[in-house]
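Shown next, in structure tokens, is the structure this report addresses.
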Amino acid sequence: PYRTVPLVRRELDKQLTEMILVQVVYNFITMTPFAIVTIIGATTNVTNNPVLQAQMQFASILGFFVYYLYWASSFYIYIGVSERFRQQFIYVIFDVHMKRFQKVKIPAINRVLPQA
């Protein structure tokens with residue numbers, strides 16, 4: 001039994017490493033468009049050209065949308081990558097929280113039965 005602990009720990013370390021690598025790549029992908037639009041908007045003058053101004057506004061909206069995905073990504077990455085995290089999440093949702101809403105069955109004690 002004591003030999004399985006390092007194996008389990010190694011597997012959890014592999015999952016953690018994979019989660020971190022996926023998170024870093026995802027962060028780079030989601031932060032780059034926002035940074036590019038911000039840099040272009042700061043370095044160019046788009047007030048003279050209404051078409052360019054509309055394009056920059058559209059790119060800025062898309063950049064903000066992708067930027068906000070960055071904040072919601074951790075949960076989904078952890079659920080998707082880590083089996084341990086997924087199992088723990090399912091346990092907490094279904095075994096812990098759903099049991100609160102189940103009806104408590106009260107045993108039938110001291111009930112009067114009809115006489116036949």
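Taking 0.36 nm per residue of separation and subtracting the Cα-Cα distance, full extension of the segment from Thr17 to Leu52 would add 8.3 nm. Quick one: compute the contact order of region 4-82, relative version, from alpha carbon pairs under 8 angstrom and 6+ residues apart, as a percent. Worked out over region 4-82, it gives 48 percent.
Between Arg86 and Leu62, the contour length at 0.36 nm per residue exceeds the alpha carbon distance by 5.6 nm. Placing pseudo-labels 7 Å out from each Cα toward the beta carbon at Thr43 and Val24 gives an inter-label distance of 2.6 nm.
Karplus-derived 3J(HN,Hα) values for region 45-62, using 6.51 cos²θ - 1.76 cosθ + 1.60 with θ = phi - 60°, are 9, 10, 6, 7, 10, x, 5, 5, 5, 5, 5, 5, 5, 5, 5, 5, 5, 5 Hz; glycine and proline are entered as x.
Each residue of region 71-85 was assigned a 3J(HN,Hα) from its phi angle through the Karplus curve 6.51 cos²θ - 1.76 cosθ + 1.60 (θ = phi - 60°); the sequence is 6, 9, 6, 4, 4, 5, 5, 5, 5, x, 8, 9, 5, 5, 4 Hz, with glycine and proline shown as x.
Identify which of the listed values of Rg/Rh (Cα atoms, Kirkwood Rh) was calculated from the structure shown: [x] 1.13; [y] 1.09; [z] 1.38. Structure-derived value, by its label: [z].
Every number here is computed from the coordinates shown, using simple stated rules; none is lab data. None of these values were measured; they are calculated from a predicted model. Counting neighbours? That spans all protein chains shown, and the Cβs are built from the backbone with ideal geometry, glycine included.
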